[in-house]
2 protein chains.
Amino acid sequence: MDKNRRVVLASRPEGAPSEDNFSIEELGVPEPARGEVLLRTVFLSLDPYMRGRMSDAKSYAEPVPLGGVMVGGTVSRVLVSHLDDFEEGDWVLGYCGWQDYAISDGEGLVNLGKNPSHPSYALGVLGMPGITAYYGLLEIGQPKAGDTLVVAAATGPVGSTVGQIGKIQGCRVVGIAGGAEKCRYAVEELGFDICLNHRAEEFPEQLEEACPDGVDVYFENVGGDVFDAVLPLLNDFARVPVCGLVAHYNATSLPEGPDRLSLLMREILTKRLKIQGFIIFDQYERFGDFIIGLSHWVGEGRIKYREDLVEGLEKAPRALMGLLQGENFGKVVVRLGTDD
Amino acid sequence: MDKNRRVVLASRPEGAPSEDNFSIEELGVPEPARGEVLLRTVFLSLDPYMRGRMSDAKSYAEPVPLGGVMVGGTVSRVLVSHLDDFEEGDWVLGYCGWQDYAISDGEGLVNLGKNPSHPSYALGVLGMPGITAYYGLLEIGQPKAGDTLVVAAATGPVGSTVGQIGKIQGCRVVGIAGGAEKCRYAVEELGFDICLNHRAEEFPEQLEEACPDGVDVYFENVGGDVFDAVLPLLNDFARVPVCGLVAHYNATSLPEGPDRLSLLMREILTKRLKIQGFIIFDQYERFGDFIIGLSHWVGEGRIKYREDLVEGLEKAPRALMGLLQGENFGKVVVRLGTDD
């Protein structure tokens, strides 16, 4: 009989996570009871928010307990079903975490059917990252034709979708990414107007040049130096949806002074900025509508999507560490089994 | 013939303004040309935003030039009219600044008629401060029955109106003011549920006790230590309309570190806060609607209002200095002439 490998949280990281924070266990494959299904994970999503779950700092979600299986979105196949809504062979979207097999009572599972064209897309452009971009940009960012939209992590699953929706809305889209290859891709493949390498020494000056009419919408998913460069460029009435702050996740203390909190508040007041945080899970009941909207654009080829596939569960810890440093190129998906 | 006394900006303040920054000039009374009216100022409004106009830092409005008349809202009487819409003896609301007489071509003047019941109210609860409270709380703060609303400068013209509208909306209203007498007034006269003295040593702990269910709306008009005490108490999805930051206006540099900008951004993200600045002048075309709404509540006695009258233009500089330190008790209005 096969084993169920699972990656558990061995210790909480101080700063950036390391391999030591994870360990791999092997257990027997669990047996589904009445009212349950047995799932075999095929694709596991890796996302920046996972860094937050490794800490026990207060946040919007419970931390992973020490010794607990790392959480994560998954696309799986049904091996055994004792539930009416699922049949053997169905593809399902769930939240089974970093493991080969999982038991579910069906709650929160989405049945993708027997033959989804791109099952792993449900973890990306047609899943949480895609709808994060869709809701955050359209409802909080409220882009108008002619606006200048700035988005960082421009080739990631959220940033690339934000930028492409911005183009559909008629915005001038300025991307920010790590390295020349990603920048080239954002402009040539995704259709951004320009994309800047935030690792360049002259990045703040280049950003100012790239935004001659200022910035109307800044989709915040990184924070740190990028936010510092954008802040002085924000126009009156600019909107800043705050979706993530990946540059801060590994920080162990606040930066040195001066204390710029009052400076930010002054900018908010004098420029009448709207800075609003959001967590896409709060919009749970609207996910279906968002995915229909995205599917339409993906089907028409107006939103392109790139995956960065990692082969094998044992490589997931290293891949998450790389993701937090921006080493990925596209949406990181771990393939655990063959998708037969 | 009478003289036109006017207070001009003699020098720009470093930190808190002093008497040296102002000087009083005496000129002849101006003559209205065709298409103009001559106005005699009866009431001059003093407001915290005036500190901003004394500096030449970039802001949403032009600074007062050196040697220029200090700006300010005024209620005046028409002495001579060469305009069809105004007659001698009419009361008018305008923006004539710190002087006894002014010439106007009618632009921006609001005719209050021959017998307004409280002409100076047009500078307060039925004017800019009142509609600042009305719009900022209702449209940005979006209070719901049962919400906890915190408002500082609780006996000032904006804060007192915010709190009373909050009560009308069914909120639990927690005021913050400087000193026991103002706090007593906010509770006993204005109907706040509780009001805390921010000068008390245990103020942060008292605020936490006063908000057992956290804070859903914080109407920001002071900043500084009050914001620092409120921030950890904000609930998920809290709204923070940012209307003023009077505690910062005299600051000449940023406070020492650590740099809490990233801490604020993290709070915005994890609690899904909305922090939004606004300047009431942006809503100019809606002022009439807001004032109708307020008049209704004032007429019913559901919104009470207190003025802090200062007699004589020569006392205006000192009164503004006091206002920036929270020494006033109610809306500061300078009376320049008799309101015959």
Q) Does A:Leu313 satisfy the condition of being under 18 Å from B:Leu261 (Cβ atoms) and touching a Leu at 6+ places or on another chain (Cβ under 8 Å)? A) no
Within the stretch B:211-231, residues more than 22 Å from the chain's Cα centre (by Cα) and more than 10 Å from every other protein chain (Cβ to nearest Cβ) come out as B:Cys211, B:Pro212, B:Asp213, B:Gly214, B:Val215, B:Asp216, B:Ala229
Within the stretch A:239-283, restricting to residues that are aromatic (Phe, Trp, Tyr) and more than 7 Å from every other protein chain (Cβ to nearest Cβ), the one that is farthest from A:Glu139 (Cα to Cα) is A:Tyr249
Item to complete: For the stretch B:109-131, indicate whether the set of residues that are buried (at least 20 other Cβ atoms within 10 Å of the Cβ), within 18 Å of B:Val173 (Cβ to Cβ) and of a type in the set (Phe, Trp, Tyr) is non-empty.
Response: no
Those residues of the stretch B:168-178 which are touching a Phe, Trp or Tyr at 6+ places or on another chain (Cβ under 9 Å) and over 18 Å from B:Pro212 (Cα atoms) amount to B:Ile168, B:Ala177
From the option list B:Ile176, B:Ile168, single residue qualifying as surrounded by fewer than 22 Cβ atoms within 10 Å (Cβ to Cβ) and β-branched (Val, Ile, Thr) is B:Ile168
Checked B:Glu87, B:Glu62 against criteria (under 19 Å from the mean Cα position of the chain (by Cα) and surrounded by fewer than 16 Cβ atoms within 10 Å (Cβ to Cβ)); the one match is B:Glu62
Checked the stretch B:185-200 for anything surrounded by 14 or more Cβ atoms within 10 Å (Cβ to Cβ) and under 21 Å from the mean Cα position of the chain (by Cα); matches are B:Tyr185, B:Ala186, B:Val187, B:Leu190, B:Gly191, B:Phe192, B:Cys195, B:Leu196, B:Asn197, B:His198
- Message: Based on this model, can you work out whether A:Arg266 counts as buried (at least 16 other Cβ atoms within 10 Å of the Cβ) and either within 17 Å of A:Leu126 (Cβ to Cβ) or of a type outside the set (A, V, I, L, M, F, W, C) (or both)?
- Response: yes
Of (1) among the aromatic types (Phe, Trp, Tyr); (2) buried (at least 19 other Cβ atoms within 10 Å of the Cβ); (3) more than 10 Å from every other protein chain (Cβ to nearest Cβ), A:Phe203 fails just (2)
Within the stretch B:269-289, restricting to residues that are part of a helix (DSSP H, G or I) and charged (D, E, K, R), the one that is surrounded by the fewest Cβ atoms within 10 Å (Cβ to Cβ) is B:Glu285
Within the stretch A:2-30, residues among the acidic types (Asp, Glu) and without any contact (Cβ under 8 Å) to a residue 24 or more places away in the chain come out as A:Asp20, A:Glu25, A:Glu26
Considering residues that are more than 23 Å from B:Leu254 (Cβ to Cβ) and at pLDDT 95 or above, the number found within the stretch A:244-265 is 0
The number of residues in the stretch A:322-340 that are surrounded by 15 or more Cβ atoms within 10 Å (Cβ to Cβ), within 26 Å of A:Leu190 (Cβ to Cβ) and at pLDDT 90 or above is 11
Of (1) in a helix (DSSP H, G or I); (2) surrounded by fewer than 20 Cβ atoms within 10 Å (Cβ to Cβ); (3) away from chain A (no Cβ under 14 Å), B:Ala316 satisfies every one except (2)
Legend entry - Yes/no for B:Ser76 being closer than 22 Å to B:Ala10 by Cα and touching a Ser or Thr at 6+ places or on another chain (Cβ under 8 Å): no
Could you tell me whether A:Glu14 is over 23 Å from A:Gly130 (Cα atoms), surrounded by fewer than 17 Cβ atoms within 10 Å (Cβ to Cβ) and at pLDDT below 95? yes
How many residues of the stretch B:290-313 are surrounded by fewer than 16 Cβ atoms within 10 Å (Cβ to Cβ), among the aliphatic types (A, V, I, L, M) and in a helix (DSSP H, G or I)? The answer is 1
For the stretch A:267-284, pairs from a residue that is farther than 18 Å from A:Phe219 by Cα and without any contact (Cβ under 8 Å) to a residue 60 or more places away in the chain to a residue that is of a type in the set (Gly, Ala, Ser) and surrounded by fewer than 22 Cβ atoms within 10 Å (Cβ to Cβ), with Cβ under 6 Å and 6 or more apart or across chains, are A:Thr270/B:Ser59
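The values are calculated or read from the model by the stated rules, or taken from the named source; none is laboratory data. Note that the structure is a prediction, hence the values are computed from the model and not measured. Please note: Cβ atoms are built from the backbone with ideal geometry, for glycine as well, and neighbour counts cover all protein chains shown.
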